[in-house]
1. Please go through the range 172-217 and write out the chymotrypsin sites (Phe, Trp or Tyr not before Pro) that DSSP classes as loop and that have at most 13 other C-beta atoms within 10 Å.
2. Step through the residues of the range 100-112 one at a time and calculate ³J(HN,Hα) from phi using the Karplus curve (6.51 cos²θ - 1.76 cosθ + 1.60, θ = phi - 60°), rounding each to whole Hz and writing x for Gly and Pro.
3. For the range 147-286, give the share of DSSP beta bridges that are antiparallel, in percent and rounded to the nearest 5; count only bridges with both residues there.
4. Which value, in Å³ per residue, describes the convex hull spanned by the Cα atoms of the range 93-203?
5. Using each residue's phi in the range 86-94, evaluate 6.51 cos²θ - 1.76 cosθ + 1.60 at θ = phi - 60° and report the 3J(HN,Hα) Karplus result to the nearest Hz, with x for Gly and Pro.
6. Go through the range 273-282 residue by residue and turn each phi into a ³J(HN,Hα) via Karplus (6.51, -1.76, 1.60, θ = phi - 60°); whole Hz please, and just put x for glycine and proline.
7. Report for the range 66-167 the percent antiparallel among DSSP-assigned beta bridges with both residues inside it, nearest 5.
8. If you keep only loop residues by DSSP, which GluC sites (Glu not before Pro) in the range 75-170 have at most 14 other Cβ atoms within 10 Å of their Cβ?
Amino acid sequence: MSKAAVRALGYLELGVSSLANWEDFARDILGVQANRDGNALNLRYDADCWRLRLVQTGEDDIRCAGFEAADSAHLQAIVARLQAQGVAVSAASAEAAAARRVSELVCLNDPFGLPMEIYVGNRSAPGAFESPRGVAGFVTAGQGLGHIVLTAPEPDRMKRFALEGLGFLLSDNIFMGPPGHQLEVTFLHCNPRHHTLAFAAIPASKRLNHIMLQLQDLDDVGRGLDTAARAGVPISSSLGRHTNDRMTSFYMRSPSGFDIEYGFGGVEIDDATWQPEVYHAPSIWGHRGALNPA
């Protein structure tokens, strides 16, 4: 990337109805560490202290997305571009930055009111991550926690905010549905992961469609599917492979109603050679079930 841009999706804060249900789901199904922190539940699945922070507020939706900047200079360049778009950006207090385990933190909202944060700092925790379910590991190094797909009532506004403000680059687009009634899904990247952020005008009352966690071992995806099915977790979309990022994955319903995509083997982007494409189906095979925009 030639201009200063966010370089990873570092963390998410989610508002949920039941921390207890999420604690069981995180440890027994996802295979991640779930650690109580006062009135919150922190989910850890790599070197970072936590990637997902759950607070029991009841909305069962995303409350905040935290994006990492490489350093202070990059952070300030991103802030300047956002302000030029008319986005209000404020510096967080030292206490707020410390709570996120970062050294610098700014706060803003996306075009539809979702709180976002951009930070600088090393959030690693002492001790190596160990999965409570024996998962070999998750793909996060240099790529962030995974990806999120959001609803965006006006996708062009979201595209300008993400591309021109945050510094994302276009990966590709998928048009789904019959002619005249197609849903366009836009996929953006900020590191080698095929997409960190995707969005579409999905008819839904909530902003979060799904979160993707990428496994290091395909067998862990299969075992995860078996584990979820045995536990009675609703499987929203069967095992399949996507057209654009080539991820082999399935989707399961979280305790909050949005989906978790559990996958392996996504392509990695080299910006020197990558050419965005247009697809007309989300999957090469499989992924039978509910509509899941990759």
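Bear in mind these aren't lab numbers, they're just calculated from the coordinates by the rules spelled out. Values in this document were obtained by computation on a predicted structure and should not be read as measured data. Note: ideal-geometry Cβ built from the backbone for every residue, glycine included; neighbour counts use all protein chains shown.
1. Details: sites: Phe175, Phe187, Phe199; in loops: none.
Qualifying residues, ordered by number: none.
2. Whole-Hz 3J(HN,Hα) from phi for the range 100-112: 8, 6, 10, 9, 9, 8, 10, 10, 7, 10, 6, x, 10.
3. Values: 28 of 41 bridges.
Of the beta bridges lying entirely in the range 147-286, close to 70 percent run antiparallel.
4. Numbers: hull volume 17.3 nm³, N = 111.
Dividing the Cα hull volume of the range 93-203 by its residue count gives 156 Å³.
5. Going residue by residue, I get x, 7, 7, 10, 10, 6, 6, 6, 4 Hz, with x marking Gly and Pro.
6. Along the range 273-282, the couplings run 10, 5, 10, x, 10, 10, 10, 10, 8, x Hz.
7. Bridges in the range 66-167 are about 75 percent antiparallel.
8. Working: sites: Glu95, Glu104, Glu117, Glu130, Glu164; in loops: Glu130.
Sparse-neighbourhood loop GluC sites (Glu not before Pro): Glu130.
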